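Structure first, commentary second.
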Amino acid sequence: MFGWKQDIALLVVLQLVLGLAYLGTVPRIYVDEVWDSSLGYSLANTGSLKHPFVEGFGGMDIHFVQNRVVLPLVCAAVFKVAGYSITAGRIGSVLFGGLAVVSLYAVMRRWFGRRQALFIGLATVIHPWFFQVSRRVRPEIYYIALALVFLWLMAIFFDSGSRRTAFFAGVLAGLSVLTHPNGLIIIFTISCAVIIWQKARLLERLVPWAALGFTIAVLPYVIYVLWAVQNPQVSFAEQMQFGMLHRSFLSDEIGRWRSFLQWPRGAPLAAIMFVSWIVAWYRSSKAEKTLATIIVLFVLILPFTTINTTAQYLAAVTPFFSALVVRLLWRIMARRAVIWQSWYKSRFVIGTAAAFVYLSTCTVAVGLMFYHLRGADFTKVINHVASVVGPDSRVYGDPIFWLGHDRYKYGPYLMVHMREPVIVSEYYSWAFKHRFGYAVRTAWLLAPPMGFGRLRDVMPPFRENWIGDWLCYRFGTKIYEFYDPYYGPMEIYRLNWDNYYKIM
């Protein structure tokens, strides 16, 4: 007979099987993975936490001081053993995905019992967004995993009142905050939700011990930042992008949710998720209300704390949505505090249909990603570029091309885009200073698209607001072009600076 140990083994095996298959190609490599993994590369090879190819971003090339240090530390450890590659960097994410699933199971088993905990874990592992973030070199899966461990420890504390548990909950909260600014948001929302719906009478014991653990966890980072900013070229405020939260909240958030829900294709799954959240407030347990509160607080706070409108930030709530969906189905099938209690056939049909929609939507999405992207090997693109430019040439291109830094001299990359014509000369002057020999032009700007859609077959016209395009247009001669079925058309230009002063 199966027990909790077998359940955990099943979840871990499923996570590893889904996580490791075609790990180097699925999902398609995204620019942020190069950005984050390069920090681990720098730490592993130079012993310094700094960006190896960025310029113009608060001194990142001297000291990296954003509160995103957990992932580089993990990647550095992996790279020391396995060498640098995106695949190696993704291994850390797969492992943290396993930690997330195990921690979620532990909490749900305590709140809803073993069988429901197993189904919640399974529903989470196959969710397309959890699948993606647990395979990317990005901080999302790191703070999701650490936040779920934190939630588990909080659940234990409110049952036991253990000071040691409160202390370690504080440590996990601190580590989550050190993964990404969103780590602070998810810890804050979990804390508020648990305190609201659990035993608030234990706060006088929780707060001081959790605060102690939190302080111990973040203190080394605080000391490091205070030391790093002594260099006048290093700006904590600029690296954290303080004062840059200027965007259209409504339209941007609608866009974020449309992408997250894959609207309109994901409408059936979106409907089930929405209904599960609504029902969580109807004749439900405190645990369900806790999950629903975590979701709504995170969703409400997120738009006011980030300038990035990416849908992957919402992946943080997928474990909690998965739990509510399973609870909804369980209550329908078990005749527990839902409408149509005496209508057995209706409940059976509704519950079965909802389960089928969730399962089929998730498995089809994951399956299609494997099918369409299994051959998306960016190494082939790097090989094309390296064969043309040679090992001693300095190359300008989107940051993803840093992956070929051992085949040619990449960058640096200027973290400013050409938005105002009055400062175009400054960008040209910067490029002239570095004497780039070649520039790589792509059909996409900055980052390949997420998902598995094909890119356009032909290059677009030169884009006026992008420095790479203008370098090619003003100073370049196209010498090579090729097409990759997963990354689209690309062009390589040789740059000639002999007429720089005439043009300028």
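None of the figures in this text is laboratory data; all of them are computed from the coordinates on show. Worth saying up front: this structure is predicted, and the values here are computed from it rather than measured. Cβ atoms come from the backbone with ideal geometry, glycine included; neighbour counts cover every protein chain shown.
Brief remarks on what is shown
- Neighbour-count order for Glu55, Glu140, Glu33, fewest beta carbons within 10 angstrom listed first: Glu55, Glu33, Glu140
- Label zone (Val31, point 7 Å along Cα-to-C-beta; backbone nitrogen cut-off 12 Å) within segment 439-481: 442-450, 466-469.
- Label-point separation in nm, Thr379 to Thr87, each point 7 Å along Cα→Cβ: 0.6
- Using just its DSSP H runs of length 4 or more, each adding -39500 (n - 2.57), the chain gives a mean residue ellipticity at 222 nm of -19500 deg cm²/dmol after division by all residues.
- FRET E, pair Leu203, Arg164, Förster distance 22 Å, beta-carbon r, rounded to 0.05: 0.85
- Cβ-derived FRET efficiency at R0 30 Å, Ser360 paired with Phe274, nearest 0.05: 0.95
- In this structure, the pairs whose alpha-carbon distance is over 28 Å, taken from Lys409/Lys478; Lys5/Lys345; Lys50/Lys433; Lys50/Lys478; Lys433/Lys478, are Lys5/Lys345; Lys50/Lys478.
- Computed from the C-beta positions of Ile254 and Trp281, the FRET efficiency with R₀ = 35 Å rounds to 0.90.
- Debye intensity ratio I(q)/I(0), log10, the chain, q values 0.06, 0.10, 0.11 Å⁻¹ (C-alpha model): -0.31, -0.83, -0.99
- Amide H to amide H, with H built 1.01 Å from N, Ile62 comes under 5 Å of His51, counting only residues 5 or more places away or on other chains.
- For the chain, complete DSSP H runs whose alpha carbons reach 20 Å or more along their own long axis and whose mean Kyte-Doolittle score is 0.0 or higher are 4-20, 86-112, 140-160, 163-177, 181-197, 203-228, 286-301, 318-334, 344-373.
- Leading residue at positive end of dipole, the chain (Cβ point charges), from Tyr84, Trp4, Phe370: Trp4
- The distance separating the Cα centre of segment 273-297 from that of segment 105-160 comes to 16 Å.
- In nm, spacing of pseudo-spin labels at Tyr371 and Ala267 (7 Å Cα→C-beta vector): 2.2
- Taking amide H atoms as placed 1.01 Å from N in the peptide plane, the amide H of Tyr410 lies under 5 Å from those of Val395, each 5 or more residues away in sequence or on another chain.
- In Hz, Karplus ³J(HN,Hα) per residue of segment 52-59 (6.51, -1.76, 1.60; θ = phi - 60°; x = Gly, Pro): x, 9, 9, 10, x, 9, x, x
- Antiparallel beta bridges, as assigned by DSSP with both residues in segment 378-503, represent about 75 percent of the total such bridges.
- With neighbour counts taken as other beta-carbon atoms within 10 Å, the residues Lys80, Lys50, Lys345 rank, fewest first, as Lys345, Lys80, Lys50.
- Segment Ile196-Tyr427, extension gain: residue separation times 0.36 nm, minus the distance between their alpha carbons: 77.9 nm
- Linear extension gain, Leu23 paired with Ile62, 0.36 nm per residue minus alpha-carbon span: 10.9 nm
- By other beta-carbon atoms within 10 Å, ranking Arg265, Arg28 with the fewest at the front produces Arg265, Arg28.
- Modelled spin labels at Arg463 and Arg110, positioned 7 Å past Cα toward Cβ, are 4.7 nm from each other.
- Using Cβ point charges alone (K and R +1, D and E -1), the dipole size of the chain about the Cα centre works out to roughly 1900 debye.
- Computed lengthening from Lys478 to Leu10, 0.36 nm per intervening residue step minus Cα-Cα distance: 163.1 nm
- Placing unit charges on the Cβ atoms only, positive for Lys and Arg and negative for Asp and Glu, gives segment 378-503 a dipole magnitude near 140 debye about its Cα centre.
- Normalised size of segment 378-503, defined as Cα radius of gyration per 2.2 N^0.38 Å with N residues, equals 1.01.
- Amide H contacts under 5 Å for Asp484, placed H, 5+ residues apart: Met490
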